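Q: After the structure tokens below, expect a handful of questions from me.
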Amino acid sequence: MPSFPNFPDNCNSLLCKHLTPAIFEKLRNRKTPRGFTLMQAINSGIVNPDSSIGVYAGDKESYEVFSPLFDAVIKEYHGFDHEDMHQSNLDISALQATDLDPNNQYILSTRIRVGRNLDALPLGPGISELQRLDVEKQVSTALMQLDDDLKGEYYPLEGMSKKVQEQLIQDHFLFKEGDRFLEAAGLNREWPSGRGIFHNAAKSFLVWVNEEDQLRIISMQQGGDIKTVFERLVNAITTLEKSLHFSYTEHLGYITSCPTNLGTAMRASVHIKLPKLSQNMELFNTITTEHHLQIRGIHGEHSESEAGIFDISNRRRLGVTEVECVQDMHDGVAALIAAEEKL
Ligand code: ADP
Ligand code: DAR
């Protein structure tokens, strides 16, 4: 019989905050129809008390079966209630995007990604090795049918040389290995079986297979042409949706393993040089907060910025549309560049 976790006093995760003894008592013996348990959902936040969130879903049903906990986390992170409905909008013409950096002084590169999971199978924390291999087969088959600027090759991690793998990670194209949060969530089981990366020759269109989500569909290129990056991504999503059935609900939008990615599951980012603002982090943080932006390091989550280069992206993903996510990033980056030029 599981007992209430012994969280350290300095634990600040949403799990520590919202897993009350009463909610634990109510949920501790519950399982989803696929057998995913509360303890599996919260293990990452127990093993890593420095988590920001600390909880993962093992399947779509987790969000209902453990809703007293997930609803509280979703409310705090997204400001989104149990009865709220998500709206999707991939109409590129609705994006008001200008060329933010015509002289290429600030924006090094632009990347927009979405997470997707196949509706008929569990999410990564609850999937079996055979099911994960089935995802790899279905997804790689669909990817190999892409053509024009999306045409590319699928490269399984199994058999990839360490040299090639490390170079892809260093060049920001491939996911890192051994993330302790994903490990404790059960997302790294049987690694590297079933994991891989698809990309076109230019590496401007890439798909991660079976990392934190079953697909991370990525469009990226050098420079700040946000609209072109968005167009390529929307083309890829709408093409793949013809052959793959992605998990989606009216309430939560696209279903993902981490509740922070629900809804659009979209992160639109730039790598941007802001040497003067980086010396005035109070102003930097004021602008990013005002524009619903998140600051990450040069190698993404849990990394540091280097040489005044930051990964700046939208923070909102649920209760906003894809166009609004990209608009958040575009408008926030415009404000950061204006502040940098003023300093
Ligand atoms: P995700 O965005 O997929 O949630 P991360 O934050 O870990 O995951 O970023 C994944 C990789 O993408 C990292 O190598 C990161 O440096 C890279 N990346 C993110 N944004 C950009 C960008 N605008 N230009 C180039 N690489 C980027
Ligand atoms: N590291 C986990 C997840 C936070 C959100 N980022 C994701 N999903 N990659 C945490 O609880 O801090």
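Q: Ignoring any ligand, DNA or RNA, what whole percent of the accessible area of the chain comes from carbon and sulfur when the probe is 1.4 angstrom?
A: In the chain, the share of accessible area belonging to carbon and sulfur is 50 percent.
Q: Further, regarding this structure: Could you tell me which of rounded, prolate or oblate describes the range 70-138, using a ≥ b ≥ c as the square roots of the eigenvalues of the alpha-carbon gyration tensor, with rounded for a/c under 1.5 and, failing that, prolate when a/b is larger than b/c and oblate otherwise?
A: Verdict is oblate for the range 70-138.
Q: Arrange the peptides 296-302, 152-158 so that the one whose residues have, on average, the most other Cβ atoms within 10 Å appears first.
A: The most tightly packed comes first, giving 152-158, 296-302.
Q: Another question about this same structure. What is the extension gain from I298 to E153, computed as 0.36 nm multiplied by their sequence separation minus the C-alpha to C-alpha distance, in nm to one decimal?
A: 49.6 nm is the gain from fully extending I298 to E153.
Q: Ranked highest first by average number of other Cβ atoms within 10 Å, how do 130-137, 100-107, 70-77, 4-11 line up?
A: 70-77, 130-137, 100-107, 4-11
Q: Right, here's the next one. If you find the alpha carbon centre of the range 140-208 and of the range 245-295, how far apart are they in angstrom?
A: Cα centres, the range 140-208 to the range 245-295: 22 Å.
Q: Ok, one more. Taking a ≥ b ≥ c as the square roots of the eigenvalues of the Cα gyration tensor of the chain, is the shape rounded (a/c under 1.5), prolate (a/b larger than b/c) or oblate?
A: In terms of gyration-tensor shape, oblate.
Q: State which helices in the chain qualify, where a helix is a whole DSSP H run, it must extend 18 Å or more along its own axis by its Cα atoms, and its mean Kyte-Doolittle hydropathy must be at least 0.0.
A: For the chain, where a helix must reach 18 Å along its axis and average at least 0.0, the hits are 226-240, 322-342.
Q: So, by mean Cβ neighbours within 10 angstrom, what's the order for 19-31, 190-202, 47-59 with the highest one leading?
A: Output ranking for 19-31, 190-202, 47-59: 47-59, 190-202, 19-31.
Q: Separate question: Tell me what the chain gives for mean residue ellipticity at 222 nm when only DSSP H runs of n ≥ 4 count, each as -39,500 (n - 2.57), the sum divided by the residue total, rounded to 500 deg cm²/dmol.
A: -10000 deg cm²/dmol
Q: Enumerate the calculated ³J(HN,Hα) couplings along the range 181-188 in order (Karplus 6.51 cos²θ - 1.76 cosθ + 1.60, θ = phi - 60°), each rounded to whole Hz, writing x wherever the residue is Gly or Pro.
A: Values per residue, Gly and Pro as x: 5, 5, 4, 6, 8, x, 7, 9 Hz.
The values are calculated or read from the model by the stated rules, or taken from the named source; none is laboratory data. Keep in mind the model is a prediction, meaning the values are calculated, not measured. In this analysis, Cβ positions are derived from the backbone assuming ideal geometry, glycine residues included, and neighbour counts consider all displayed protein chains. Side chains are part of the model used for accessible areas, which takes the heavy atoms of the whole protein and leaves out ligands, DNA and RNA. Shrake-Rupley method; radii C 1.70, N 1.55, O 1.52, S 1.80 Å.
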